[in-house]
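Engineer: Sharing a structure with you now.
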Amino acid sequence: MLRYLVCLIFALASSAAADLPRVDLHVHIHDEESSGRTMAPADAAALSQRLGVRFGILGEGGCGGDIRDHATLAAFIDSVEGQPVWRGMQVYGFDWRHCLPAADLKRLDYIAADALVFS
């Protein structure tokens, strides 16, 4: 009886898990090494659809990063606009709120950071 119950619970959990959406919220389209390679947002969206995983594409920045002000943040957001992906920002440092305009940040779907950055 116990074996049957365990199998039933596993079968129910497996079927419920099959219905869960697959997402990856930590996708970068710029190579983190110095090679400068990038993936076009449309190519990332196509890969997302091919894999059946909804991507969240992250730009990286803060006051000293690649994305550091209105112009660079707006350019990142505009580059992924219209693609079937979420737009996110991975922020560094404690002062990122002072150099990244609130109006631009509101255009993002989410902000990611180490826990200490939000303290």
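Just so you know, all these numbers are worked out from the coordinates, no wet-lab data involved. In this text, all values refer to a predicted model and were calculated from it rather than measured experimentally. Please note: Cβ atoms are built from the backbone with ideal geometry, for glycine as well, and neighbour counts cover all protein chains shown.
Engineer: Explain nothing, just compute: Karplus ³J(HN,Hα) = 6.51 cos²θ - 1.76 cosθ + 1.60, θ = phi - 60°, for every residue of the stretch 96-107 in order, whole Hz, x for Gly and Pro.
Structural biologist: Per-residue couplings from phi come out as 4, 5, 7, 10, 9, x, 4, 4, 6, 4, 5, 7 Hz.
Engineer: Another one. Name the residues whose placed amide hydrogens come within less than 5 Å of the amide hydrogen of Leu25, ignoring near sequence neighbours (fewer than 5 apart) on the same chain.
Structural biologist: Gly56
Engineer: Ok, one more. Can you list the HN-Hα couplings for the stretch 76-86, worked out from phi with the Karplus curve (6.51, -1.76, 1.60; θ = phi - 60°), rounded to whole Hz and with x for Gly and Pro?
Structural biologist: Running phi through 6.51 cos²θ - 1.76 cosθ + 1.60 with θ = phi - 60° gives 4, 4, 4, 5, 9, 4, x, 8, x, 9, 7 Hz.
Engineer: If you don't mind, another one. Placing +1 at every Lys and Arg Cβ and -1 at every Asp and Glu Cβ, with all other atoms neutral, what dipole size does the stretch 22-118 have around its Cα centre, in debye to the nearest 20?
Structural biologist: Working: 9 positive and 14 negative charges, 76 e Å.
Here the size comes out at about 360 debye.
Engineer: Along the charge dipole of the stretch 22-118, which of Ala113, Phe94, Leu25 sits closest to the positive end, that is, farthest toward it, with unit charges on the beta carbon of Lys, Arg, Asp and Glu (+1, +1, -1, -1)?
Structural biologist: Going by the charge dipole, the pick is Leu25.
Engineer: Taking H placed 1.01 Å from N in the peptide plane, check which residues at least 5 places from Gly59 or on another chain put their amide H under 5 Å from its amide H.
Structural biologist: Gly88, Met89, Gln90
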